[in-house]
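The values are calculated or read from the model by the stated rules, or taken from the named source; none is laboratory data. Remember, predicted model here, so these are calculated numbers, not experimental data. Counting neighbours? That spans all protein chains shown, and the Cβs are built from the backbone with ideal geometry, glycine included.
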Amino acid sequence: MPIPAHPRAVGRTLLRDDVYTRLRDAIIDGTLEPGEQLRDVELAAWLGVSRTPVREALLRLARGGLVVARPGRSTVVSSLDLRALREARDVVAAMHQLAVRQAVPLLTDADLDAMRDAARRFAVAVEDGDVDAAIAADDDLHGVPVEVAGNRAVVAVLEQFTPVLRRAERLRFAAPDAQGSLERHDELVRLCAAGDADGAAAVVAGLWSSLPDAG
């Protein structure tokens, strides 16, 4: 769809990360569609910011594969590229697997309760057909081991490549087989609670590797 004509209300302290997040989310939720041309002037007006943070956000989005920058020509929202999705999926799966291996020996009861709560919220969201809530709960669940592991390299890689997978995640959580993730979430939490790092890592790798290969 065209870039909305009316600017969004934003605070004066909008930072680069906020601009990046807003544009990233607009691509993921379909507000900005594959193939749509992105002009920094229009985007800056829409978000109520200067062109500089918009240009920086577009560069980050290009590195992550959500937009295609054509020097001297134009920047457009990328299409769903099967190879890019598969590559990102494999990298993200490996990073979550590493995070879980590092985190399991360090998880506290509070951490495990947070994972259980996220798993419950995910189940409710799937039952209600609320894809956005399902993705948020899934992020919260997987985010606990990532935070506990405290591996900054893992965090940096996930920040770059997870957005590429969002469109595939939306397809998965909107499909009937989304119920399959419920059992694997429960199994992941059970293995983490039992201190089985290898088992938990295998489950989390399977969860991410089983995203629609986007085909």
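Per-structure values
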read-out	value
Qualifying position, being touching an Asp or Glu at 6+ places or on another chain (Cβ under 9 Å) and under 21 Å from residue 162 (Cα atoms), among 51, 63, 121, 24	121
Residue check, residue 82 within 12 Å of residue 16 (Cα to Cα) and either basic (Lys, Arg) or in contact with an Asp or Glu (Cβ under 9 Å, 6 or more places away or on another chain) (or both)	no
Residues of region 30-39 classified as at pLDDT below 90 and surrounded by 14 or more Cβ atoms within 10 Å (Cβ to Cβ), total	2
Helices (runs of 4 or more DSSP H) lying entirely in region 65-183 (those with 3 or more residues that are in contact with a helix residue (DSSP H, G or I) (Cβ under 6 Å, 6 or more places away or on another chain) and within 30 Å of residue 37 (Cα to Cα))	82-103, 131-149, 152-174
Within region 152-192, considering residues that are basic (Lys, Arg) and modelled with pLDDT of 90 or more, the one farthest from residue 95 (Cα to Cα)	190
Of the criteria (1) under 24 Å from residue 131 (Cα atoms); (2) outside any loop (DSSP other than H, G, I, E, B), which one residue 34 fails	(2)
Evaluation of residue 96 against (1) surrounded by fewer than 20 Cβ atoms within 10 Å (Cβ to Cβ); (2) touching a residue at least 40 places away in the same chain (Cβ under 8 Å); (3) within 24 Å of residue 64 (Cβ to Cβ) (one fails), failing number	(1)
